1. Can you give me the distance in nm between label points at A:Phe611 and A:Ile565, each placed 7 Å from the Cα along the Cα-to-Cβ direction?
2. How do A:Ser519, A:Ser89, B:Ser49 rank when sorted from fewest to most other Cβ atoms within 10 Å of their own Cβ?
3. To the nearest whole percent, what portion of all C-alpha pairs in region A:81-152 is separated by more than 22 angstrom?
4. Take every residue in peptide A:255-268, count the Cβ atoms of other chains within 10 Å of its Cβ, and give the average of those counts.
5. Report the label-to-label distance for A:Ile543 and A:Glu278 in nanometres (one decimal), using points 7 Å from each Cα along the Cα→Cβ vector.
6. Taking GluC sites (Glu not before Pro) that fall in a DSSP loop and have at most 14 other Cβ atoms within 10 Å as cut points, what is the longest piece of chain A between them?
7. When the helices in chain A are scored as -39500 (n - 2.57) per DSSP H run of 4 or longer and the sum is shared across all residues, what 222 nm value do you end up with, to the nearest 500 deg cm²/dmol?
8. Only counting other Cβ atoms within 10 Å, I'd like B:Thr7, A:Thr340 sorted with the fewest neighbours first.
Amino acid sequence: MDKKSIERRRQQAVAKWEELQKSPIPFIYIGAGSCGLAAGAADTQSAVEEYLRRKGLNARIVQVGCIGPCYLEPLMDVQMPGQPRISYSNVTAKDVAYILNGFFENGEITKSRLAGHFGDGDLDGIPRFFDLPMLKPQVRIVLRNCGLIDPEDVDHYLARDGYKGFEKSLSMTWREVLDTVKRSGIRGRGGAGFPTWRKWATCRETESDQRYLICNADEGDPGAFMNRSLIEGDPHAVLEGMLIAAYTIGASQGYVYIRAEYPLAIKRLKKAIAQMREMGLLGQNILGSDFSFDIKIKQGAGAFVCGEETALIASIEGKRGMPRTRPPFPAIAGLKGQPTIINNVETLGTLPNILRNGAEWYAGYGTDTSKGTKTFSLVGKVRRTGLIEVPLGITLREVIYDIGGGTQKPFKAVQSGGPSGGCLSEEFLDLPIDYEHLAEVGAIMGSGGLIVVDSDTCIVDMAKYFMGFTQKESCGKCVPCRVGTRHMVEILEKVCDGKADLSDLDKLEKLGHTVKNGSLCGLGATAPNPALSSLKYFRSEFISHVKDKRCPAVTCKNLVVYRVIAGKCTGCQRCVKVCPTGAITGPRSEPHNLDQSKCIKCRSCYEICRFDAIAGDAIIIES
Amino acid sequence: MSEDGLTTIGQEFKGERGDLIPILQRAQDLYGYLRPDAIRMISRWLKISENEIFGVATFFAQFRFHPPGQHHIKICLGTACHVKGGEQILTIATHRLGVGAGETTADGKYDLDRVACLGCCALAPVVAFDDKIYSQMSVLKIQRILDGQKID
């Protein structure tokens, strides 16, 4: 395919897209990203199919990716001829018939479960979807297509200016593209924030006849899913970004290194790569130019450390994923000893937008040193959870309260950057989110995980959790990381068990600095961050565990007891039935007994008691 | 063992060192785990010692070295799941099944695993039962799943 024929194909795609907008048959869109499916989107879709069959109606069902507000999943949009697309939230299988009846039987817009519409202007007082509180403050650049297009239909992508950014770069020299990326100010979205153009320039200027490009989709940070959502919702954006990057650095072979835990993302990528090949966007002399490039998928086998560049390369080469010393940096000697660029999914997904709309447009968002937008997975105890994209420089408060709707119980902390990041207390809520400000206070931007916790979460327990994670994921090469993280976990376990003394906290701090300074790669160098930052900002909570032997959040198992309040217990026996160890006994209608020696503190009795309006609150957990 | 399966896999790859992990992944798809005889064959084919193959395979969380149970229960303990009570869900599963994380029940029916993140963090805590992911789990819902009841 050459430039003319792709233009023809795009025109057809635009026509098809417009046709779809004013289609004479109704369209029903189902949010079928991994999160939607987990919330039951597959059952919702079956119910829609069943409904249409039963009523003998003609309508088309389209599966789309995640649009962001995961807490509203499963999302179902209905688009009747001549009407904008209208979105319904938390649509389980049993809600389908009621919602569709409104449209198909009564010829009106069903009002229940209504989330918003996708048209312009006012519609019957229904809010626009993008005006919802969670979406309004967002700037959607890299996520612009997610949830709106069918990710498996390349025509949808083409119709929305797909591959125009790549065509634009083909009409420029590699130096001009590099310069555009430099002026845009984009920095690596994988976490470290290294200027993308600088890495590229090093690679391109290294003499070699074989250079490699690797897309890092090994999203190992627990609590983060931005890359998964982007690939599931708009795979071609990432692949187009790979074409632009490969053209600029002069790579002829590319890899997508993706977690095996993301089967749907892998499926969508495979399909998209096949479509590219069929359209001549991969292979020899792409679009009639002298640029040739191909992409292979490599499935990561599950190791957090493989997010580190040299470890990732080792694993592609079929070795244990252990980092090596740098220099030489992969941009000079990487995969098979050749110059290699590793870019994060989001960095690549952003490139088409920069090329299409210009560097200045992109640099118009963000701050002086951190340009553009960043996606975050906003999760934890916040009311509105999901995937968001915001301009850099926005404050944590705006993200947590305006977008996330705040927490139900009092806000305690936000963890940014996952196991490499830091835990920030309330005093930092007005901190602008950018690379510099977060680093200054001991956190990092990271890949985009933002975990919000409230007064029910124990900070010590969370620090123990993160240390336990990095200890398990340490590759074992550097002693301070391999042994140091283990000792840090042991100290934190002692604190959680109420067996530590104050000198242990000093040891923890000292050890943390040793691990930081004595480790080769980013995993070890950042592993102590969660422990050190929580120790710094939440010292009083550590002291409670150490001195008073109390866990203020009532979380640490060995510091809490479960009790039945005899005066409140009606003897309904529901807790007796759910107790997996038989720790609760007692005849019906009499206050029950709880045998502490048998109790495994699994919380089942507490939960079921709270469901029960009569006996509610009869079981308490106290520290 | 059916060598045919491995031979078919052999045709998909050139037999380069870099193919080791994809080949191990395919072999595990085929048998459910990395059988010692499969590793022996791969070792001869790629000319990498069995020792080294075990070294690589044990490094990554994905590879198993024992036959899998009939059903696979994965309790997600990513950060979001952890702060929303994933640990207690694991406690119950451990207690009810009588095995720890990473083990298989004596009757070979269930595998229990704790996993780092399934990527559905906004709907935490989540549990995967074979290929089905259950979101917004609770200590009561996991008990119902283990009782073999539908929870929705």
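Here, each number is a calculation from the coordinates, and none is a lab measurement. The model shown is predicted, which means the values in this text are computed figures rather than measured ones. Note: ideal-geometry Cβ built from the backbone for every residue, glycine included; neighbour counts use all protein chains shown.
1. About 2.1 nm separates the two model spin labels.
2. B:Ser49, A:Ser89, A:Ser519
3. Here the tail beyond 22 Å accounts for 29 percent of pairs.
4. Mean inter-chain Cβ contacts per residue within 10 Å come to 2.
5. 6.7 nm
6. The longest uninterrupted stretch comes out as A:208-623.
7. -11000 deg cm²/dmol
8. B:Thr7, A:Thr340
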